[in-house]
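The values are calculated or read from the model by the stated rules, or taken from the named source; none is laboratory data. The structure displayed is predicted, hence computed values, not measured ones. Methodologically, a virtual Cβ is constructed for each residue, glycine included, from the backbone with ideal geometry; neighbour enumeration extends over all protein chains shown.
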Amino acid sequence: MSTEKKAAFDDKLELPKKWGWLLALGILNLILGGIGFGAVTAFTLASVIMFAGFLMATGVLQIVQGIRAKEHDWAGRGLHFLVGILYIGVALLAAYDPYAASAGLTIFIAAMFVVIGVSRIVYAVRARRQNWKWLWPVLAGIVDLAAGGIIMFTWPASSLWVLGLLLSVELIMNGWLLTATALAARALERAGKNGSGDAPAENPAS
């Protein structure tokens, strides 16, 4: 890190000065995450619809950008439009049948867990040969494999709760982080006020 970048980073504050809305947002995330644990199917469908909305917006923007740019000599122009059309098509299919889209996304997530788990275990084996720390990577890999296996063996029934559960966990974690940050900022603010109030008055004669 260069001296200029380090100095700019050192000027940053560890905690925000305004914590009220941050605390409210954290509590809201915690409430929504708690509701999600009791309504994982509804949250799963909501996440699929949200995913479809993102795909639709991305596809439309990509096509609009391709038309407005007028890059007629660009070799990748056709592929640019094709990807945008595919995004829109997938978004429409997901919105039309969110249950099928949820099943597809769930099996993809399960495969991702398995790949990550295998990769972490392979890394742990190599780390052990080098006398590096390997226990946590292998434990994380086993947990990933277990999660992927459970999702796969309970599929397609798992497609009704996996996405909603992951979304709820993310809301809980983000809510906890925001709430903890806001409370720490509030404690720091109160400590500063108390410290300034207890400071002895300066002697005018000095």
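With respect to the conditions (1) more than 28 Å from Asp144 (Cα to Cα); (2) within 20 Å of the chain's Cα centre (by Cα), Thr106 lacks only one, and its number is (1).
Residue pairs whose Cβ atoms lie under 9 Å apart, sitting 6 or more positions apart in sequence or on different chains, and linking a residue in the stretch 140-158 that is closer than 18 Å to Tyr123 by Cα to a partner that is among the polar types (S, T, N, Q) and not in a loop (DSSP other than H, G, I, E, B), are Gly141/Ser119; Asp144/Ser119.
Within the stretch 14-22, is even one residue in a helix (DSSP H, G or I), loosely packed, with under 15 Cβ neighbours inside 10 Å, at negative phi and in contact (Cβ under 8 Å) with a residue 40 or more places away in the chain? Looking for residues that are in a helix (DSSP H, G or I), loosely packed, with under 15 Cβ neighbours inside 10 Å, at negative phi and in contact (Cβ under 8 Å) with a residue 40 or more places away in the chain, one finds at least one in the stretch 14-22, hence yes.
Considering only the stretch 156-168, I want to know if a residue exists there that is surrounded by fewer than 16 Cβ atoms within 10 Å (Cβ to Cβ), over 28 Å from Leu28 (Cβ atoms) and of a type outside the set (D, E, K, R). Scanning the stretch 156-168, I find at least one residue that is surrounded by fewer than 16 Cβ atoms within 10 Å (Cβ to Cβ), over 28 Å from Leu28 (Cβ atoms) and of a type outside the set (D, E, K, R), so the answer is yes.
Scanning the stretch 23-36 for residues that are surrounded by 15 or more Cβ atoms within 10 Å (Cβ to Cβ) and either hydrophobic (A, V, I, L, M, F, W, C) or within 9 Å of Thr179 (Cβ to Cβ) (or both) yields Leu23, Leu25, Gly26, Asn29, Leu30, Leu32.
Suppose the filter is among the hydrophobic types (A, V, I, L, M, F, W, C) and under 21 Å from the mean Cα position of the chain (by Cα); does Phe153 pass it? No. Would you mind stating whether Gly66 is modelled with pLDDT under 85, surrounded by fewer than 12 Cβ atoms within 10 Å (Cβ to Cβ) and more than 26 Å from Leu167 (Cα to Cα)? It is false that Gly66 is modelled with pLDDT under 85, surrounded by fewer than 12 Cβ atoms within 10 Å (Cβ to Cβ) and more than 26 Å from Leu167 (Cα to Cα).
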